[in-house]
Each structure stands twice: as structure tokens, then as C-alpha cells.
Amino acid sequence: MSSFVIVGAGECGARAAFALRERGFDGAVTLVGTEPLLPYERPPLSKDAIVAGARPTFVADAAHFEAERIRIVIGESVTAIDRNGRNVALSNGSRLPYDKLLLATGASARELPAAPCSDGRIRVLRSYGDASAIRPHMAEGNHIAIIGGGFIGLELAASARKLGASVTILEGLPRVLTRGVPAEIAEVVCNRHRGAGVELLFGIKIAAINERSSDVRISLEDGRVIAANLLVLGIGSIPNVALADAAGLVIDNGIAVDQHLQTSDPDIFAAGDCCSFPIGHYGGRRIRLESWRNAHEQGALAGANMMGAQETSAAVPWFWSDQYDLTLQIAGLAEGAVTTVRRNLSTEAFILFHLDADGRLLAASGVGPGNAIARDIRLAEMLIAAGRHPDPAALAAPEVKLKQLLAA
Amino acid sequence: MTNWIPACRLDDIEQEGARRFDHSGRTYALYRSSDDEVFCTDGLCTHEAVHLADGLVMDYEIECPKHSGIFDYRTGEAKRLPACKNLSVYAARVEDGAVLVELPG
Ligand SMILES: Cc1cc2nc3c(=O)[nH]c(=O)nc-3n(C[C@H](O)[C@H](O)[C@H](O)COP(=O)(O)OP(=O)(O)OC[C@H]3O[C@@H](n4cnc5c(N)ncnc54)[C@H](O)[C@@H]3O)c2cc1C
Ligand code: FES
């Protein structure tokens, strides 16, 4: 009987395991994960889990894994891959043989060398454990400092305000959301945070961080000192490649895979946050994505290709973020766009369409309350996937239905 | 006990579209297919409580506006993750241009 092993029991690894069964794989499937929990969704960690003290949202319950004959080994790590012997070593000293191996090791939150994360007042937010440790600090009257004005920092700031804590965001660059979000949308988000009483400091340089028993102090180069009950670092994440690297697989901003998610060893695949891959719609450019949808879709694709399907992805990147009543969604990649067209859906909701020199739609980014932008972003994603060159005047006119453009 | 409740006019729902309908403290979604048949499901997605009527209707499917879970609105069947629990469905019909839904209570 053949044996498939999946390293990393996150969104991607779990999805791959189920995909194997959906595709009719009959051999052994083992999912190994470091965290002591069944696979769960990370997006709620900066949102509801923090605000409501919610339990993790599990991808599936234990009975479901069992029914699909997926063996889960949680609380253990894979420590080495023996490519010649085709087996992996586990932290409990055992070995698992594999015919095909999937690396779905995800990413880790970046830390600051000057302020290593402690069990105390300096934290990152990547796991349910992190969220559980952060939440007790969010009480009314407490002050939270966040380094980094990216998605996780901003979502956490919104959650902290909901719970009544005051917040200072420290960003080295001149604005929030500098990676992949148009300035016009970042400005809406920034103003919403200001309106909620969040203090945002831009262009800051940190001189020192001192953790004490009663607080943590962040000294800036301009002499200002920010004292907080808790400091959370939201400065991006780094792909977990150590295992693949030690096994001699090619690494290139993540575990490098081809369009079939195959690494430089044909028996080993990689998917989700940990891998970089050539993206079809954008000329095969190598990118790495950190998004829920990508982890989910690549998990399913990896499962199919471990069984020899040789499928490629036609997916367009898609991402969302929730802050207060606002939802932001981005479909596609805007790099290389020369024209931007704005579509106003209401006084508070709008979408920016990004077109290249030939008028091809590359990306759409939108922000608005509730679900205001969702439908049009979804249709934009379909227009992008179809390689369309929509009329900019039609995109700008909210009365022209995007569904019509898709049918045209 | 169920009753046929007038919900809206057929013209109030776009073809291949959806509309929210609230009744007796509950929320529903009404759908009009491209051949003018009408359907009714629970209004909120079974993944997180989001109004499905804000999502995209394609053929006989509604895609949730939040995380793109998909349901068949004729049967309520969850067809794409993260949606995994089915929606309840309710009988709906058109009479003299009005949409009627059979609802409890
Ligand atoms: C706070 C937060 C909020 C987010 N919000 C959004 C959002 O709103 N929208 C969105 O699109 N995306 C969001 N994301 C991103 C999304 O959650 C990730 O893209 C997704 O979780 C990636 O899934 P993955 O399975 O590839 O990796 P992960 O979820 O990181 O899972 C990898 C797992 O592998 C385990 N592992 C690593 N190495 C080993 C080893 N050697 N042996 C065994 N196990 C190992 C890790 O412990 C981890 O459990 C958010 C992420 C975070 C952290
Ligand atoms: S709320 Fe509908 S798919 Fe998540």
C-alpha cells in the first residue's frame, strides 16, 4: 500500500489530505503538525478569536478525519527528510516512510532581533496560542503598541479598540498597508483607525525596546518613548523552509515549486504559505502568497498532483481583511498596471481596477462597509481570469453591471 | 404550521440575482433564476453569519460574499468550502407577479 505524508497540519495540509480521498486515493495518509490542535483557520485569530474569546474554528473535526482514514499526528514535528530512504524523522524519534511527501509548513511571524519574543509582553500573532496569550492584555484601560501597519497589526488594532484597549501603531514607512494595497484604499483604512481613536505614527525608527515586569517601553530615535502593557510585532512573516533546505531542495523566497507544485525532488511537493510558484496569469512570474484562499486551493491541487494528475492552477490571487465594519478585498496582482479606474459603489464603498498598457485587467482592490464590494470584486476576479480587456468607462460606471461585461 | 407569505414582487429581484427578506425576526434569501423560477433559503451563510443575498448568483448557485463558500440555492447543499453545513430551503412560487414563500409560523 502506498503511503503519503503531509508535513504541516494547517489549512493547506488538511485540505490536501481531504483532496486525496476525494480523488480516490486509497493508500495511507498521515498528517503531521507541530501545533497541539487539529487544523484550524488562522484568519479569525486577529478578528473574532481576539474579540470574542472564541474557540478555534477547526477545518474539520476529529470524526471527519477518522471517517476519511486520515491519520493525524499533532504536537509532533518532522525534523528531517531522508530523500534516499524516502522517510521522515519525527520529534518523537519515530520514522514514517513515504511514497509522496507534501510540505505544507506555512510561515512564521517575523521577529525583531532587538526584541526577541518572550512569554511576557512582547508577542507575535500567528497561532491560536499567540491569540490566547494576547487577549488578556486587551482589557479596557490597557495600552497596546503594535509595530507594523500591515493587515495583522491593523486587524488586531481594530479588535483591541472593540475591547476598549488603547492602541498605538508604529510604522517605519509613510503609510499603512504598503504591500500590494493602493494608497487610496490604505488612506480609507487609516482614517477609519484614526476615527476609532488609534494613534498611528509613521516614519518612525526604533532605538530600543525594554521589557519590564510592569510594561514594555519602546524608545524612538527622535527621543519619544511609548509605554505599553503589550507590544505585538506585525512585521510580516517568513516561510518555513528549514526542513526543505536541510534536505537540499531548491529554495527561492520559499520552497521553490513548478506549476504542478512539485519541488526539485519529484516525490516531494510543497504548497501554501511556505512555497513560491510561477503564477500563470502573470507571465509565470515566481511569487509567494500568504492568503487563506491560496493555501486552500494549492492544498487541493497538491493532493491531485501527488496522485499524478499534473494539473496546473488557473486561480487568481484573492485576499480579504476585516477591520471594524470595513471589508477590504483584493483580486489579482497590480504590479505592472499603468491605468487605474475608480468605481464608486456608494459614498463609502469603491473599487479600483488596475489595467496594464494593453488594457488588460490585472487586479481589482476594493474597500467598503459590510459586503458592499464583494460581488463586484468576485466578478472582477472572473474578468481577470478570463484575460479580459474591459472598457474603462464601463468599469467606472456603477450602473453598468460587471456581469454584463463578463458575458460580453 | 406554515403559511404562504408574500415576500416581494418578482421584479424586485434581478434575474440570476438574490434579495434579502426578513420575516418574524428571521432573515431569508430569495433567488430568481435566469428562467424566472424563484427559490428561498436561510438568509445567513452557515460558515459565519453573513447575508448571502449580497453574494454572487451564477446559474443555480449562490456564492457567499465573505469567503466564497458556495451553495446550491435549490437544495441548500453546501458545495464549496469553507461552507460545509447545508442551508435550509423553503418553498417559493410566483403568483400574479408576487413572490410567495412558505415559512413556519
Ligand atoms: C492572524 C492571521 C490573520 C489572517 N487573516 C487572513 C485574512 O483575513 N485573509 C486571508 O486571505 N488570509 C489571512 N491570513 C493568512 C492565512 O491564514 C494563511 O495564508 C494560511 O493559514 C496558510 O496556510 P498554510 O497551511 O499554508 O500554513 P499555516 O497555516 O501556517 O500552517 C502550517 C502548519 O505547519 C506546521 N509546521 C511547520 N513546520 C512543521 C514541521 N516541520 N513539522 C510539523 N508541522 C510543521 C505549523 O506549525 C503550522 O501549524 C491570516 C493569517 C494570520 C496569522
Ligand atoms: S461566511 Fe460564508 S463562506 Fe465564510
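The values are calculated or read from the model by the stated rules, or taken from the named source; none is laboratory data. The model shown is predicted, which means the values in this text are computed figures rather than measured ones. Note that each Cβ is placed from the backbone with ideal geometry, even for glycine, and that neighbours are counted across all protein chains shown. The protein model used for the area step is the full one, side chains on, heavy atoms only, and it has no ligands, DNA or RNA in it. Shrake-Rupley method; radii C 1.70, N 1.55, O 1.52, S 1.80 Å.
The set of residues in region B:43-75 that are within 12 Å of ligand 2 (Cβ to nearest atom) and open to solvent by 30 Å² or more (accessible area, probe 1.4 Å) comprises B:Leu44, B:Thr46, B:His47, B:Glu48, B:Ala49, B:His51, B:Asp54.
Close Cβ contacts (under 7 Å, 6 or more residues apart or on different chains) running from residues in region A:11-31 that are of a type in the set (Val, Ile, Thr) to residues that are assigned to a helix (DSSP H, G or I) and crowded, with 20+ Cβ neighbours inside 10 Å comprise A:Val29/A:Ala17; A:Val29/A:Leu20. Please work out if A:Lys162 is among the basic types (Lys, Arg) and either open to solvent by less than 60 Å² (accessible area, probe 1.4 Å) or more than 30 Å from A:Gly368 (Cα to Cα) (or both). No; evaluated as a whole, the condition is false for this residue. Of the strands (runs of 3 or more DSSP E) lying entirely inside region A:264-338, those containing at least 1 residues that are outside the structural domain of A:Thr30 (by TED's automatic domain parsing) and out of contact with any Asp or Glu (no Cβ under 7 Å at 6 or more places or on another chain) span A:318-323, A:326-332. From the list B:Thr41, B:Thr46, pick out the single residue that is more than 11 Å from chain A (Cβ to nearest Cβ) and assigned to a loop (DSSP other than H, G, I, E, B). When all the criteria are applied, what remains is B:Thr46.
For region A:344-392, how many residues meet the condition of being open to solvent by 40 Å² or more (accessible area, probe 1.4 Å), within 11 Å of chain B (Cβ to nearest Cβ) and under 19 Å from A:Val189 (Cα atoms)? Adding up the residues that qualify gives 1. Determine whether region B:78-97 contains at least one residue that is among the aromatic types (Phe, Trp, Tyr), away from ligand 1 (no atom under 16 Å from the Cβ) and under 24 Å from A:Trp318 (Cα atoms). Checked region B:78-97: no residue is among the aromatic types (Phe, Trp, Tyr), away from ligand 1 (no atom under 16 Å from the Cβ) and under 24 Å from A:Trp318 (Cα atoms).
For region B:5-17, check the following and say yes or no: at least one residue is within 16 Å of ligand 1 (Cβ to nearest atom) and within 12 Å of chain A (Cβ to nearest Cβ).
no
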